[in-house]
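Peer 1: One structure, pasted below without further comment.
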Amino acid sequence: MLEGLEVSELKLSEVNKLNDRFRFDAEFFRKEYLNIENKLQKHNFKRLIDIESRIIHPSEIKREYVEKDGVWFFRTQNIRPLKIEESNNVFISKEDAHSLAKNLIKKGDILITRTGANFGQTALYNIDKIAIGSSHTFILRNEYFKQAYLAVFLNTSFGRKLIDKGMYGGSQPEIAPYYLSNIPIPNFSISFQQTVEKLLMLAEVSIEGSKNKYSKTQKFLLQELGITETLWQTKGVAINNKSFKESFAESGRLDAEYYQPKYDIIQNHLKQFKQIKLKDLVSTPITSGSTPKAGDSQYYTDASDGIPFIRAVDIGNNRVSLDDLNYIRRNVHEGILKKTQLNQNDVLFSIAGTVGRCGIFDHNVEANINQACAILRFNEDVINRLYLVIFFNSEVGQQIIEKYARQGVQTNLNMDEIGNLKIPILTMPTQQKIASFIQQSFQLRQQSKHLLEIAKQAVEIAIETDENTAMEFINANT
């Protein structure tokens, strides 16, 4: 009767082993998970519960963010697999941070997303910056394994599957310290762990190189535009007197934010350059996507047979990331979303939530976009697409976008407002120089990603075969 079904047959003593939460659901005893545990236990291994380690659950606070002189409040969106994401940061007051000593994140900590759609994502915090963890993250410290090696192991297919095993909750998945503490961790030699650690450090060097290259590019752009740090500072002026003709009759806007003096200052400065509105630049109408009902299996699927579905959160670091995607079904991609199928080198612009993220889709894969993204598609006779991306991601570009963004429950821009955004046209050699700098930044970021993949694969090879084979793989690919 059971032929063709996946069945795990266990004794009651085995069911109760390392299971003091008394889980007896079928998911917890999936054959895949049991096979992985058996494979790991064939090696010399340790569990966190058996060694000197701590999994800290930071306290919750009332989140009151500050604009200046704050301390980084580290949220789940700052954790990606083996990567700390430093964009869209928020800050809390120094007084609040001082009262949350338990939440303090130290250099060398492992951070794990505790709850939400991205539960279990793990990264090493190797940054010289004070941060306070939110209650939706765990802080993991141990004195036995190399922290870098442990972070990599938890990102391998083996470690990730066993994190998934411990997941509980339905609409809001969650992982508890108890389950993390009982994952068997291969106790490979210290020299192998140090090699894995070195790969992570090299990856971080590449990331820092990428960030530095981008920072220099931004400085060069502002220099070419003649933008100084104090240009749009209004020296305390908070009032901008406008006649009806100069305000609502011209713009249709009554919100005070739109008329802040700093926007006039920067727009007057840019009049010395030729400027083109985006609607006059694109070769096809600016179009946004659509978002089918969340979680409906009629529209969504997984990576095995789905089409990448790009959201605003996937736009970052001047390009579109494919690291953490949702997927839609092919019939949706070719049906109701046919008009927003992406082409390689399209520029995407976020128009809802975190408005104004701009990135190039430089991937040669099929993909589509949701309603929070718009497509800018144009030839490069007048403007280099990477220059456009860098301009709108710059401080001055963000100021221009900020003026037009409509505030509300969710900040947004409509198609007309995007079309009316202007970009100053620098000489083509200058644009190409800026594009070249950013390409170098991309290459360094890709090199970092490559090193992280080698580290993960090496640990997986060591588990499947032995350390020597894993070392041969590392030597052949670095």
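What follows draws every value from the coordinates through simple rules; no lab data is involved. Since this is a predicted model, take the numbers as computed values, not measurements. So basically every Cβ, Gly included, is an ideal-geometry build from the backbone, and we count neighbours across all protein chains shown.
Peer 1: Please give the contour-minus-distance gain from PHE220 to THR465: 0.36 nm per residue of separation, less the Cα-Cα distance, rounded to one decimal in nm. List each step's numbers first, then the result.
Peer 2: Working: separation 245, 0.36 × 245 = 88.20 nm, distance 5.00 nm.
Value of the extension gain: 83.2 nm.
Peer 1: Pull out the extension gain between SER297 and GLN172, defined as 0.36 nm times the separation in residues minus the alpha carbon to alpha carbon distance; nm, one decimal.
Peer 2: 43.3 nm
Peer 1: Can you sort MET167, MET201 by how many other beta carbons sit within 10 Å, fewest first?
Peer 2: Least crowded to most crowded, the residues run MET201, MET167.
Peer 1: Here is a further query. Applying 1/(1 + (r/R0)^6) with R0 = 35 Å to the Cβ-Cβ distance of ASP305 and GLN275, what FRET efficiency is obtained, to the nearest 0.05?
Peer 2: Working: r = 45 Å, r/R0 = 1.29.
Result of the calculation: an efficiency of 0.20.
Peer 1: What's the extension gain from ARG63 to ASP416 if we count 0.36 nm per residue and subtract their Cα-Cα distance? Intermediate results must be reported in sequence, preceding the final value.
Peer 2: Working: separation 353, 0.36 × 353 = 127.08 nm, distance 3.46 nm.
Fully extending the segment from ARG63 to ASP416 adds 123.6 nm.
Peer 1: How many angstrom separate the Cα center of the stretch 330-346 from the Cα center of the stretch 121-152?
Peer 2: For the stretch 330-346 versus the stretch 121-152, the Cα centre distance is 38 Å.
Peer 1: Sticking with this one: Can you report the principal axis dimensions of the stretch 212-433 using only the alpha carbons, biggest first, rounded to whole angstrom?
Peer 2: 55, 40, 30
Peer 1: Related question: Just want the ordering: CYS358, CYS373, from fewest to most Cβ atoms lying within 10 Å of their own Cβ.
Peer 2: Ascending number of Cβ neighbours within 10 Å: CYS358, CYS373.
Peer 1: Taking R0 as 51 Å, what FRET efficiency do you get between LEU34 and SER283 from their Cβ-Cβ distance, rounded to the nearest 0.05?
Peer 2: The computed FRET efficiency comes out at 0.40.
Peer 1: Still on this structure, please answer the following. Using a 10 Å cut-off around each Cβ, can you sort THR411, THR156 from fewest to most neighbouring Cβ atoms?
Peer 2: Fewest-to-most ranking of THR411, THR156: THR411, THR156.
Peer 1: Hey, another quick one. Using DSSP to call loops (not H, G, I, E or B), can you name the chymotrypsin sites (Phe, Trp or Tyr not before Pro) in the stretch 305-379 whose Cβ has at most 13 other Cβ atoms within 10 angstrom? Before the final figure, lay out the partial values.
Peer 2: Working: sites: PHE309, TYR327, PHE349, PHE361, PHE378; in loops: PHE378.
Sparse-neighbourhood loop chymotrypsin sites (Phe, Trp or Tyr not before Pro): none present.
Peer 1: Quick one: check the C-alpha center-to-center distance for the stretch 358-403 versus the stretch 406-449, whole angstrom.
Peer 2: Between the Cα centres of the stretch 358-403 and the stretch 406-449 lies a distance of 5 Å.
Peer 1: A further question follows. What is the set of long-range amide H partners of ILE310 at a cut-off below 5 Å, with H atoms built 1.01 Å from backbone N?
Peer 2: Those qualifying (amide H under 5 Å, at least 5 residues apart or on another chain) are ASN368, ILE369, ASN370.
Peer 1: Based on DSSP H runs of at least 4 residues, each adding -39500 (n - 2.57), what is the mean residue ellipticity at 222 nm of the chain after dividing by all its residues, to the nearest 500 deg cm²/dmol?
Peer 2: Values: 16 runs with 173 residues, N = 478.
So the calculated ellipticity at 222 nm is -11000 deg cm²/dmol.
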